[in-house]
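First up is the structure itself, then whatever we jot down about it.
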Amino acid sequence: DVDVHILSLQRTHDNISLQREHAAEEIARHMLVRPSANGFRVLSALAFRNDKYCPVMANNSIFYDMVESVFKSTAIDSYTIDLTMLFTNNLCGGCTVPRPVVLVERYFPIVYALFQRGDVLNETKMSCLYFINKLADEQSMRTALREHNIVSPVLEFSNSAQCDDVSVCFFIIAKLVGEEEDHPAFTPSARTTEIMNCIVSTLKLAIAGQRRPGSNVIPNLQGCATGIAALTVSDRNKQPLVDAGIVELLFRALLHETHSNVPLIRISLLKSLWQLAFLPVVCEAIEKHDQLLSVLEKWKANETDPETAKAASGILWQLAQFEKKSVPSLPAKKKPLIRMFGAKSSPATPRTVSPASSSLSSTTPPQHVMPSYSWKQ
């Protein structure tokens, strides 16, 4: 019996530390003959959070042949949950960044073909989308995914009754086209509020480490943060996200001891808050949060992480501009020179400065720290 042999391999691996690659290859050989849920579970265990081994498994030709065979079978729906665990949570999730290019070059076409099939369950299609969403976390992967023109099919699926989690579709779209202000995928529609609410509720679950009702998958926080960072670039998305309650969740995640210590998550969250800080209502919320302000000042001075320092500095600069606009101007004769020109003047001999020589002259506009729309600079 294949399952018995697979389980015996698992026990052997556990007891005498059998080489992972040999164990995975043996299991894959047996599953070429007859797929097995137990086989997927053991492969998941071998790949679980193992950054060193995941690329080895992904590049193994026998493992690839097994995956291709199973994905093309009519019984694929029997392994939906196990596939999600293996690909999204373990194989793709465990790989270091950058992830092995084989994931998008060889495995993505198989997964995408499965997503487009009309004879599979909704859960199987969603499993494919979770994998694609994970791939889209990384810039190099997003470049490759764009070549497959998947935005329209994913958007169409998000509008169908088959879609159990519209937010994961929108996260994929956000990562692929979210940096473009007028991409047709972001044409305002009656579903904008619904989609934004789904995204915010998914972020809330990801921060708390909770599953969606009726799902066995915990939303990936890095995926959520990456998608939201792309969404907030477009001005048309800022206010709907704020209305949906995104700001308080960003505060919560940034102050979370575990989440804020993951660089990719922290940077994406800071970029989102930086973009949203162009709205006065967001600046007001940040100003009232002393703990967050203290953390931002600390990150601003972080010389070992320039991306974090840049985003934190951008947020604080926006707050400074907001404060300038909020303070009403005094009459010219009462403006304190020490504040205007940064130097003390003798009360007996008041200094006069011509508009042309003033540091506030319109001919020398202040330096504006702007977020990079490509996130590369």
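The values are calculated or read from the model by the stated rules, or taken from the named source; none is laboratory data. This one's a predicted model, so the numbers in the text were calculated from it and none came from an experiment. Because the Cβ atoms are built from the backbone with ideal geometry, glycine has one as well, and the counts that use them run over all protein chains shown. Only protein heavy atoms, including side chains, enter the accessible area calculation; ligands, DNA and RNA are left aside. Shrake-Rupley method; radii C 1.70, N 1.55, O 1.52, S 1.80 Å.
Quick look at the values:
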read-out	value
Restricting the range 280-294 to residues that are open to solvent by 30 Å² or more (accessible area, probe 1.4 Å) and aliphatic (A, V, I, L, M), the residue that is farthest from Thr232 (Cα to Cα)	Leu293
Single condition Phe278 does not satisfy, out of (1) part of a loop (DSSP other than H, G, I, E, B); (2) touching a Pro at 6+ places or on another chain (Cβ under 8 Å); (3) of a type in the set (Phe, Trp, Tyr)	(2)
Residue within the range 104-124 that is under 23 Å from the mean Cα position of the chain (by Cα), farther than 19 Å from Val168 by Cβ, open to solvent by 10 Å² or more (accessible area, probe 1.4 Å) and at pLDDT below 75 present	no
Whichever residue in the range 149-196 is of a type in the set (A, V, I, L, M, F, W, C) and at pLDDT below 70 and, among such residues, is most open to solvent (accessible area, probe 1.4 Å)	Ala190
Looking only at the range 63-85, and only at residues there that are open to solvent by 60 Å² or more (accessible area, probe 1.4 Å) and hydroxyl-bearing (Ser, Thr, Tyr), the one that is farthest from the chain's Cα centre (by Cα)	Thr74
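A quick yes/no check of all residues on (1) assigned to a loop (DSSP other than H, G, I, E, B); (2) of a type outside the set (Lys, Arg):
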position	(1), (2)
Thr202	no, yes
Ile207	no, yes
Gln210	yes, yes
Thr226	no, yes
Val233	yes, yes
Arg236	no, no
Leu241	no, yes
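Yes/no per residue for (1) at positive phi; (2) open to solvent by 60 Å² or more (accessible area, probe 1.4 Å); (3) at pLDDT 50 or above:
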residue: Gln275; (1), (2), (3): no, no, yes
residue: Phe278; (1), (2), (3): no, yes, yes
residue: Ala312; (1), (2), (3): no, no, yes
residue: Pro355; (1), (2), (3): no, yes, no
residue: Thr363; (1), (2), (3): no, yes, no
residue: Met370; (1), (2), (3): no, yes, yes
residue: Tyr373; (1), (2), (3): no, yes, no
